[in-house]
Amino acid sequence: MLRQQDVGHRIVVRRIVGIREGRPLFSDALGELVELDETHITLATDQGRVQVPRDEVHRAKWVPAARRPTAAAVIALELAADEAWPAPVRGRLGDWLLRSAAGWTGRANTALPIGDPDRPLPAAVDAVERWYADQGQPAMVNTPLPLATPVGAELDARGWGPGRSRWYRPWPWTGCGPRCRPPGPRWS
């Protein structure tokens, strides 16, 4: 169980919040232990302070500090995913990857803006739009955070819309002529 010397550490507390069909129901709270007395455990969580009566505590333990992936780890993961399932049509814009798979899957039909595009960002986005227009597809850009934050800001400024980790050119897509269709396997 927790002791006074645990105050200030990141912990998780599993508490009993009820009984259903003779079995306990649990809920977890994760945060920094800020107070520990005879009757309560108080945590500072992302949602604010949580006070848990000690008689509701089922288990409590230290939890390592949260770790964010490094830029190198994000790049390695994105490149590994690209190598594992490469798009059949590929291009380069400096270090950026341009990928097309006739609309099948989102990832294989997005530009991956990792590294230097060898031109100013607005010109790079223009070049991405032209490349996808030449493929007869709407331009889409995968923006792995935090690496592509400046790219996301540029796309926002142009009126592109987010879709999970990708940014889509808003409909109607212009510049790709009559061949341009919405992304996805069932173009109509």
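The values are calculated or read from the model by the stated rules, or taken from the named source; none is laboratory data. Since the structure is predicted, the reported quantities are computational estimates derived from the model, not experimental observations. Reconstructed Cβ throughout: ideal geometry from the backbone, glycine too, with neighbour counts over all protein chains shown.
Which numbered condition trips up ARG67, out of (1) of a type in the set (Lys, Arg); (2) assigned to a loop (DSSP other than H, G, I, E, B); (3) in contact (Cβ under 8 Å) with a residue 24 or more places away in the chain?
Here ARG67 meets the rest and fails (3).
For region 88-101, enumerate the residues that are surrounded by fewer than 20 Cβ atoms within 10 Å (Cβ to Cβ) and over 13 Å from VAL128 (Cα atoms).
PRO88, VAL89
Looking at region 107-129 only, could you name the residues that are within 18 Å of ALA80 (Cβ to Cβ), touching a strand residue (DSSP E or B) at 6+ places or on another chain (Cβ under 6 Å) and surrounded by fewer than 21 Cβ atoms within 10 Å (Cβ to Cβ)?
The one that is within 18 Å of ALA80 (Cβ to Cβ), touching a strand residue (DSSP E or B) at 6+ places or on another chain (Cβ under 6 Å) and surrounded by fewer than 21 Cβ atoms within 10 Å (Cβ to Cβ): ALA108.
Kindly indicate whether any position in region 108-115 is part of a strand (DSSP E or B), touching a helix residue (DSSP H, G or I) at 6+ places or on another chain (Cβ under 8 Å) and closer than 20 Å to ARG158 by Cβ.
Among the residues of region 108-115, at least one is part of a strand (DSSP E or B), touching a helix residue (DSSP H, G or I) at 6+ places or on another chain (Cβ under 8 Å) and closer than 20 Å to ARG158 by Cβ, which makes the answer yes.
For region 118-138, how many residues are touching a residue at least 12 places away in the same chain (Cβ under 8 Å), farther than 15 Å from ARG90 by Cβ and in a loop (DSSP other than H, G, I, E, B)?
Residues meeting the conditions: 4.
Just to be sure before I move on: is GLN47 more than 30 Å from PRO146 (Cβ to Cβ), within 33 Å of the chain's Cα centre (by Cα) and free of Cβ contacts under 8 Å to residues at least 24 places away in the same chain in the structure I sent?
Criteria not met by GLN47.
Tell me yes or no: at least one residue of region 74-91 is without any contact (Cβ under 8 Å) to a residue 40 or more places away in the chain, assigned to a loop (DSSP other than H, G, I, E, B) and either touching a Leu at 6+ places or on another chain (Cβ under 7 Å) or not assigned by TED's automatic domain parsing to the domain that holds LEU112 (or both).
No, because not a single residue in region 74-91 is without any contact (Cβ under 8 Å) to a residue 40 or more places away in the chain, assigned to a loop (DSSP other than H, G, I, E, B) and either touching a Leu at 6+ places or on another chain (Cβ under 7 Å) or not assigned by TED's automatic domain parsing to the domain that holds LEU112 (or both).
Which of (1) under 30 Å from ALA111 (Cα atoms); (2) out of contact with any strand residue (DSSP E or B) (no Cβ under 9 Å at 6 or more places or on another chain); (3) not polar (S, T, N, Q) is the odd one out, the single condition LEU79 does not satisfy?
(2)
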